[in-house]
Amino acid sequence: MKHRNSHLLVGYWSRLRKGREVPDQTDIDPRAIKRMLSFIFILEAADPSRPIYRLAGTSLCERFGAELKGTNFFAHWEGQSREALTALLRQSLTLKQPVSLSSVAVTEYGMMELETVLTPVTFGDGAPTRFLGMVQVLSDPSVVGGRPIAFERLVGSQLIQESEPLSSFDNPAPPPPPPPPTMNVESLRRRPGAPHLRLVVSRPDPATVHHDMDETMQKLIAALEIVAQPKMSVVS
């Protein structure tokens, strides 16, 4: 995770557990996360292949140019990313661990890097079927001119476990430079397609987006300085 608010959300989720594997949605106090509330959302993911927004903050809705409540979380993700995300959501719910997603969002005027954090929660008795999540912009949002996001592409993922102090993450990493002006957004759109934390790279089999990228996406990822992490096994 790169953004400080991502670490704060995972820390809040961890404190809510109070000895349990995951907290319940009813434990969430909006006042405790009011500074981040406009980018917070809750997903219903009993079916990980079709996660639905139960709630979504106002700034997040503005970022996508529409009210998100009741819509499919995958609606703005391109096809290959949806396959990988389905596996990641299922894995996060099964292991009861938060997951961090790195993505590139494309608008009419340009592109920006996003970080999405999903923390599993229960809703009543039983296994977790929902996520408390948040989206943060890592690059300069002014390059997109306030235009809504047309689609996203997944470029990285990490399962998150507690174990290491957070002191080295007190400040967010500097944002990467904006994409070069020669990048053609229209051609890209047309292509098919808080206490202690440790980051554990997870690459479920369907998540091939790191390897099967076309030439345009390779240039985009290089411009955003997104570096693929080596494959590691998940620590249970």
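Summary of computed values
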read-out	value
Tally, over segment 102-127, of residues that are within 16 Å of LEU154 (Cα to Cα), assigned to a strand (DSSP E or B) and touching a helix residue (DSSP H, G or I) at 6+ places or on another chain (Cβ under 7 Å)	7
Complete set of residues in segment 128-149 that are crowded, with 16+ Cβ neighbours inside 10 Å, in a loop (DSSP other than H, G, I, E, B) and either modelled with pLDDT under 90 or small (Gly, Ala, Ser) (or both)	LEU138, SER139, ILE149
Near pairs, Cβ below 8 angstrom, 6+ apart or cross-chain, from segment 7-22 (within 20 Å of GLN136 (Cβ to Cβ) and in a helix (DSSP H, G or I)) to any residue that is modelled with pLDDT of 95 or more and of a type in the set (S, T, N, Q)	LEU9/THR119; VAL10/THR119; TRP13/THR119
Top-ranked residue in segment 36-89 [being touching a Pro at 6+ places or on another chain (Cβ under 9 Å) and polar (S, T, N, Q); ranked as surrounded by the most Cβ atoms within 10 Å (Cβ to Cβ)]	THR86
Check on ILE33, surrounded by 15 or more Cβ atoms within 10 Å (Cβ to Cβ) and farther than 12 Å from GLY133 by Cβ	no
Qualifying positions in segment 55-99 - charged (D, E, K, R) and assigned to a helix (DSSP H, G or I)	GLU62, ARG63, ARG82, GLU83, ARG90
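The values are calculated or read from the model by the stated rules, or taken from the named source; none is laboratory data. Please read all numbers here as calculations on a predicted model, not as lab measurements. Reconstructed Cβ throughout: ideal geometry from the backbone, glycine too, with neighbour counts over all protein chains shown.
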